[in-house]
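The values are calculated or read from the model by the stated rules, or taken from the named source; none is laboratory data. Only a predicted model underlies this, so the values are computations on that prediction, with no experimental measurement involved. In this analysis, Cβ positions are derived from the backbone assuming ideal geometry, glycine residues included, and neighbour counts consider all displayed protein chains. Side chains are part of the model used for accessible areas, which takes the heavy atoms of the whole protein and leaves out ligands, DNA and RNA. Shrake-Rupley method; radii C 1.70, N 1.55, O 1.52, S 1.80 Å.
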Amino acid sequence: NAVHMLNDATNGYSGGDGGWVYTTFDGESWNVLASMGTLLDLSFPPGTSASNPVGYACGDNGQVWEITSTLQNLNSPSSSTLSGISAPSVNNVWVCGGGSIFYYNGSTFAGQTSPGGTFNDIHFINNQEGWVVGNQGVIGRTTDGGANWVTQTNPDTQNRSLYGVFFLGTDNGWAVGFNGVILHTTNGGTTWTIEGAGLTTAFLNGVHFTSTSNGYVVGNGKTLIKFGELTSVDGENISPGAFSLSQNYPNPFNPITKIKFTIPTSPLNPSPYQGEGNRERFVTLKVYDVLGMEVATLVNEEKPAGEYEIEFDANELTSGIYFYQIKAGNFIETKKMVLMK
């Protein structure tokens, strides 16, 4: 159910339903460290060294454990399943499960006033700032170590439950959950947007980013989604000088969304068009309904090399699925977007 690698990438810990906690010292072979009840989540403070590790685990029946060279069962704050744990520093630990959030100061647990809901995962970036997510799409944030929690607005009208949350600093965060929902924020959760709509319907339960341009989402059915640089069919990185069409943002939208595309510094196939003014840079960007009928033309002109962002106002259209397509010489790409009024 959980795995955590320390900063050197060869020392780590894992555990799951069987109750065993495993450790590795070389990143390849794993050995039993100790046993506990079902382990659901693991957390080690940033910068934890392999020579003096201190981490924490939680699981069924309200169990919370401290992990050092062995396991120590901490006095349980609850008998309910505890599914999420976060330790931004030693002896500063938050754990959530059911309708409860608890804080551990190194000696005792204390219940905190929650934002209201049933919680599945929790993530703190320091001893003050943290987020919690749960059933029916609930998202809560604290900026004072959990003394006060504020419910944040989730744009998902389906209220899909969330099972994983991760933040890179104060602003950039992601949350994932039921039926393939992926949420992203760039302002600490003041506003969230839905990413990758329609990408998968898998149950997503884990998310981790190493930077704003590199991250992973995992879920049931061996689902693994990577967020990063665009790649070509053979796996090589696409040059920044290539045509590209980005997913509209936000998506779903009402009634305005933005579409980004890139025109390369040189044509993809220059030889057929030598002396013809680089015809591939004549760009059309059009919007179609599900029947293939054109409903809007956003671009229909020659464009010099560069990155562009076009605003699409769908105020006169009805709710539903639409497609936008870019054409530039031999380059054609189509993407789906959803208008929800």
Express the C-alpha Rg of the chain as a ratio against the empirical globular expectation 2.2 N^0.38 Å, rounded to two decimals. 1.17
Percent of accessible area on the chain owned by carbon and sulfur, 1.4 Å probe? 48 percent
Segment 283-338: Rg/Rh from Cα coordinates, Kirkwood Rh? 0.97
Equivalent ellipsoid semi-axes - Cα gyration tensor, segment 100-236, angstrom: 27, 16, 14
Any chance you could list the semi-axes, whole Å, largest first, of the equivalent ellipsoid that the Cα gyration tensor gives for segment 67-110, using √(5λ)? 17, 12, 10
Lys pairs, the chain - Cα-Cα below 14 angstrom, 8 or more residues apart or on other chains: 13
Fraction of the pair-distance distribution of segment 32-82 above 17 Å, Cα-Cα pairs, percent: 31 percent
Using alpha carbon coordinates only, what is the Rg to Rh ratio of segment 1-114, with Rh defined as the Kirkwood radius? 0.95
With all protein chains present and a 1.4 Å probe, how do Asp156, Asp144, Asp313 order by accessible area, largest first? Asp313, Asp144, Asp156
Considering only protein heavy atoms, with the full assembly of protein chains and a 1.4 angstrom probe, order Phe282, Phe261 by accessible area, largest first. Phe282, Phe261
How about segment 1-75: which chymotrypsin sites (Phe, Trp or Tyr not before Pro) there lie in a loop by DSSP and see at most 16 other Cβ atoms within 10 Å? Phe25, Trp30
